[in-house]
Amino acid sequence: MFDHFIQIHGKPPSSIITDDQQTVAFAINELKDNEFFQGNHMLDPWHLLKSIKTKIIGDEKTKKMKLALIMEAIVERNPDDY
């Protein structure tokens, strides 16, 4: 797929946005190690929140508070972090 992108656009993408699958992250790191991709790998916040919601423990009030703090941390990230 990466080769097809380069064939169509003439250059690699500047960023790749994915969910939190480890196999995809591993493949992107291999591309970076081999200098085929120099861009940013970003995680899709929707997928992250969906995954995080299943792992938060506590009563409903505690879960909502923890989720709100996590969402705030995601929203307030500096664009330079991407």
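Can you tell me the equivalent ellipsoid semi-axes for the chain? Use √(5λ) from the Cα gyration tensor, largest first, whole Å.
On the way: eigenvalues 214, 36, 19 Å².
They are 33, 13, 10 Å, listed from largest to smallest.
Can you figure out the FRET efficiency of THR54 with VAL24, using R₀ = 30 Å and their beta-carbon distance, to the nearest 0.05? Write down the numbers at each step before the final one.
Values: r = 19 Å, r/R0 = 0.65.
The calculated FRET efficiency here is 0.95.
Would you mind checking which residues have amide H under 5 Å from ASN40's amide H? H placed 1.01 Å from N; only 5 or more apart, or other chain.
Those lying under 5 Å, H to H, from ASN40 are SER15, ILE16.
Under a plain spin-label model, where a point goes 7 Å from the Cα along Cα-to-Cβ, how far apart in nm are HIS47 and SER14?
Label-label distance for HIS47 and SER14, simple model: 2.2 nm.
Tell me what the chain gives for mean residue ellipticity at 222 nm when only DSSP H runs of n ≥ 4 count, each as -39,500 (n - 2.57), the sum divided by the residue total, rounded to 500 deg cm²/dmol. Please list the in-between numbers first.
On the way: 4 runs with 45 residues, N = 82.
Value at 222 nm, helices only, nearest 500: -16500 deg cm²/dmol.
Here, each number is a calculation from the coordinates, and none is a lab measurement. Quick caveat: nothing in here was measured; it's all calculated off a predicted structure. Positions of Cβ are generated from backbone atoms using ideal geometry, with glycine treated the same way; all protein chains shown enter the neighbour counts.
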